[in-house]
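Participant: I have a structure I would like to understand better, so I am pasting it below and will then ask my questions one at a time.
The values are calculated or read from the model by the stated rules, or taken from the named source; none is laboratory data. Since the structure is predicted, the reported quantities are computational estimates derived from the model, not experimental observations. Don't worry about glycine lacking a Cβ; one is built from the backbone with ideal geometry, like all the others, and counts go over all protein chains shown. Side chains are part of the model used for accessible areas, which takes the heavy atoms of the whole protein and leaves out ligands, DNA and RNA. Shrake-Rupley method; radii C 1.70, N 1.55, O 1.52, S 1.80 Å.
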Amino acid sequence: MHTSVHLLANAPDQLLPARELMAFTLASHIILVPLGVALPLITLVMHYRGLRRKDATALLLARRWSAVMAVQFAVGVVTGTVLSFEFGLLWPGLMGRWGDVFGIGFGVEAWAFFLEAVLIAIYLYGWRRLKPRTHFLLGLPLPAVALLGAFGILAANSWMNTPQGFSLDSAGKPTDVNIWKAIFTPMFGPQYWHFVVAMLLTAGYMVAGVYAVGWLRGRRDRYHRLGFTIPFTIAAIATPVQFVLGDSIARSVFHKQPVKFAALEIVWKTDTRVPEYLFGRLHSDGSISGGIKVPLLDSVLAGFSPDTKVVGLTSVPADERPTAVQATIAHWAFDIMVLIGSALVLLALWYGLVWLRHRRLPESKWFYGSAACAGLASVVAVECGWIATEVGRQPWIVYQNMRVAEAVTATRSSTLWIMLGVVIVVYVFIFGSLLAVLLKLRTRWRLADAQQAAGRKAEDPETDGPYGPRATVPAGDGAVGGSTRSRGEGR
């Protein structure tokens, strides 16, 4: 019998629907995470520029981005809360046995969510109601709180990859818990910084992509140039940093989770002078079909030498390693992430070289077309990163301590499939509503700009929606005008 089929046949009926439900909700939630973690920082950079240079356009952009930040945060809280419930509902074995060891990470994330909600509310309320400097200073904790939330969830996940900070009693239950060791595991540092920089560049490219589309449609005013330049510059600086961090985390996986590394690189037998496969499909007999084979490269990348020994999947029994299908999924996700990262490095270099040589933005339509696609590509890379992390760890939910099948709920599989169907319908409605609100905001802002440009009075500040701009500031104006300042920014 095929090894994968044999392993699935021995798995509980609940395992597949539980995995599908968790994967769907996590994949949906993670789309919002880059904006939740990094958009506050990008917004405050623009806010600072507006205050520092008395730039009305920068303040207008910061105010509008803060509205988007609040809308996505509201949706992110809903999808994040669903995930919290699913941990207890779908994986009671994990939470029941190990919750005292690694649960503090979820607690930190919950407090960060709470603080972020309060700070976003204050920041939104502060526009035109607080003194500019006070308003900006009250917004400064937002990026730190967003990073705190990422700290909590990455601490929990990195513990699942390299668990430590406990002893096991005679019954196999964890005792003598050391919280600090449980938080700062060997994979925490590489995972955390890789994740944070990924969020920063992804959010930067997502925001810049909106204005790149505007540029392609002929909107070349200062509003669009500034809206593109700030987030794209942040993302372009973060991209090569991320490339280095990506190499660092791959090397950490090679040392700390060698079987997972073997899955990511579809290495079947432990050996030296191991080739690198770009894509390709691993079969249960160890053969590989398709893909591009590069001799020696995997050993060189792992240890800077072709004589580096790379541990293969067959170094452990079949029931302690990912199946051939799971290894292929993790391998493809890893390769897609690396390819997208490499393409983004080239895009960042293009931008940097033009800026260094000519002190201006690139003018090529190919550049702006690529920039418009960079946000979506970054989200795909983030999704692939999580797939590689989670699927590559199989069959362990706690690496080498608890299998996924041991943690799954006893709820009937039919109930879980129904839950998955309900969640899909609800999430389609939620994300459809999010898209509708963002498009409504875009239309409202564009109408306000057009009215201002035509010299007509825009809508009354208090009737144009709870998260839109309440007063008009001329788009394309390089300085805070006297009338505008008196109506809003100066108070």
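Participant: Return the calculated 222 nm mean residue ellipticity for the chain, to the nearest 500 deg cm²/dmol, obtained by summing -39500 (n - 2.57) across DSSP H runs with n ≥ 4 and dividing by the residue count.
Facilitator: Values: 16 runs with 333 residues, N = 491.
Result for the chain, helices only: -23500 deg cm²/dmol.
Participant: Continuing with the same structure: Taking the full set of protein chains and a 1.4 angstrom probe, give the accessible area of residue 237 in square angstrom, rounded to the nearest 10.
Facilitator: My reading of the accessible area for residue 237 is about 110 Å².
Participant: Right, here's the next one. Suppose every K and R has +1 on its Cβ and every D and E has -1 on its Cβ; what is the size of the dipole of region 330-467 about the Cα centre, in Debye to the nearest 20?
Facilitator: Numbers: 13 positive and 10 negative charges, 77 e Å.
The dipole of region 330-467 has a size of about 360 debye.
Participant: A further question on this structure: Rounded to the nearest 0.05, what FRET efficiency do residue 355 and residue 170 have when you use their Cβ-Cβ distance and R0 = 41 Å? Write down the numbers at each step before the final one.
Facilitator: Values: r = 64 Å, r/R0 = 1.56.
Taking R0 as 41 Å, the efficiency between residue 355 and residue 170 is 0.05.
Participant: When all protein chains stay in place, what accessible area (Å², nearest 10, 1.4 Å probe) is found for residue 338?
Facilitator: 60 Å²
Participant: Now, a different point. Remind me, relative contact order of the chain in percent, using alpha carbon pairs under 8 angstrom and six or more residues apart?
Facilitator: Details: 746 pairs, mean separation 104.8, N = 491.
It comes to 21 percent, rounded to a whole number.
Participant: Going down the table (269/293; 173/260; 54/365; 256/293; 269/309; 131/440), which pairs top 21 Å between alpha carbons?
Facilitator: 173/260; 54/365; 256/293; 131/440
Participant: What does the extension gain come out to for residue 417 and residue 54, with contour length at 0.36 nm per residue minus their alpha carbon separation?
Facilitator: Gain in length upon complete extension: 125.1 nm.
Participant: Here's something else I'd like to know. Once both labels are modelled 7 Å past Cα along the beta-carbon direction, what's the residue 130-residue 319 spacing in nm?
Facilitator: Distance between label points: 5.8 nm.
Participant: A further question on this structure: State to the nearest 20 debye the size of the charge dipole of the chain about its Cα centre, where the only charges are +1 on K and R beta carbons and -1 on D and E beta carbons. Each step should come with its number before you reach the end.
Facilitator: Details: 45 positive and 31 negative charges, 515 e Å.
Dipole magnitude for the chain comes out near 2480 debye.
Participant: Mind ordering 184-192, 346-354 by average Cβ neighbours within 10 Å, highest first? Could the numbers behind the result be given before it?
Facilitator: Numbers: 184-192: 19.7, 346-354: 16.9.
Ranked from most to least packed, the peptides come out as 184-192, 346-354.
Participant: Of 428, 37, which has the most accessible area with a 1.4 Å probe, and how do the rest follow in descending order? Before the final figure, lay out the partial values.
Facilitator: Working: 428 100, 37 20 Å².
Largest accessible area first, the list is 428, 37.
Participant: Still on this structure, I have one more. Semi-axes of the equivalent ellipsoid for region 98-153, please: Cα gyration tensor eigenvalues, times 5, square-rooted, ordered largest first, whole Å. Don't skip to the answer; put the middle values down first.
Facilitator: Details: eigenvalues 177, 16, 6 Å².
Whole-Å semi-axes of the equivalent ellipsoid: 30, 9, 5.
Participant: For the pair residue 450 and residue 74, how long in nm is the line joining their label points, each one 7 Å along Cα→Cβ?
Facilitator: Modelled inter-label distance: 2.5 nm.
Participant: How do the peptides 23-35, 150-162, 217-229, 360-372 rank, highest first, by the average count of neighbouring beta carbon atoms within 10 Å per residue? Intermediate values should be presented prior to the final figure.
Facilitator: On the way: 23-35: 19.4, 150-162: 21.8, 217-229: 17.3, 360-372: 15.5.
Averaged packing, sorted descending, gives the order 150-162, 23-35, 217-229, 360-372.
Participant: Return the long-range amide H neighbours of residue 396 (sequence gap of 5 or more, or a different chain), with a cut-off of under 5 Å between placed amide H atoms.
Facilitator: 404
Participant: Each residue of region 194-200 in turn: what ³J(HN,Hα) in whole Hz from Karplus with 6.51, -1.76, 1.60 and θ = phi - 60°, glycine and Pro shown as x?
Facilitator: Calculated HN-Hα couplings, in order: 4, 5, 4, 5, 4, 5, 5 Hz.
Participant: So, one more: Calculate I(q)/I(0) for region 49-119 by the Debye formula, one identical point scatterer on each C-alpha and no solvent, and give its log10 at q = 0.12, 0.17, 0.19, 0.21 Å⁻¹ to two decimals.
Facilitator: The computed values of log10 I(q)/I(0) come out as -0.51, -0.75, -0.84, -0.93.
Participant: A further question on this structure: Note the direction-averaged projected area, equal to a quarter of the hull surface, for the Cα convex hull of region 59-186, in nm².
Facilitator: Numbers: hull surface 36.7 nm².
Mean projected area of the Cα convex hull: 9.2 nm².
Participant: To the nearest 20 Debye, how big is the dipole of region 293-346 about its Cα centre, given +1 on the beta carbon of each Lys and Arg and -1 on that of each Asp and Glu? Intermediate results must be reported in sequence, preceding the final value.
Facilitator: Details: 3 positive and 5 negative charges, 19 e Å.
Computed about the Cα centre, the dipole is about 100 debye.
Participant: Scan (i) 74, 58, 44; (ii) 76, 52, 52; (iii) 76, 48, 39 for the value of Cα extents along the principal axes in Å calculated from this model and give just the label.
Facilitator: Given (i) 74, 58, 44; (ii) 76, 52, 52; (iii) 76, 48, 39, the structure-derived one carries the label (iii).
Participant: While we're here: For labels at residue 297 and residue 442 in the simple 7 Å Cα→Cβ model, what's the distance in nm?
Facilitator: With each label point 7 Å from Cα toward Cβ, the separation is 3.7 nm.
Participant: To check my understanding: the extent here is largest minus smallest coordinate of the Cα atoms along each principal axis. What are those three numbers for region 249-395, in Å, largest first?
Facilitator: 57, 29, 28
Participant: Given 0.36 nm per residue, what is the gain on full extension from residue 273 to residue 256 after removing their alpha carbon distance, in nm? Before the final figure, lay out the partial values.
Facilitator: On the way: separation 17, 0.36 × 17 = 6.12 nm, distance 2.04 nm.
Extra length available between residue 273 and residue 256 comes to 4.1 nm.
Participant: For residue 85 and residue 24, calculate 0.36 nm times their separation in residues minus their Cα-Cα distance, and state this gained length in nm to one decimal.
Facilitator: Going from the current span to full extension adds 20.5 nm.
Participant: Also, quick follow-up: For the chain, take the longest principal axis of its alpha carbons; what is the angle in degrees between that and the long axis of helix 324-358, to the nearest 10 within 0 to 90?
Facilitator: 30 degrees
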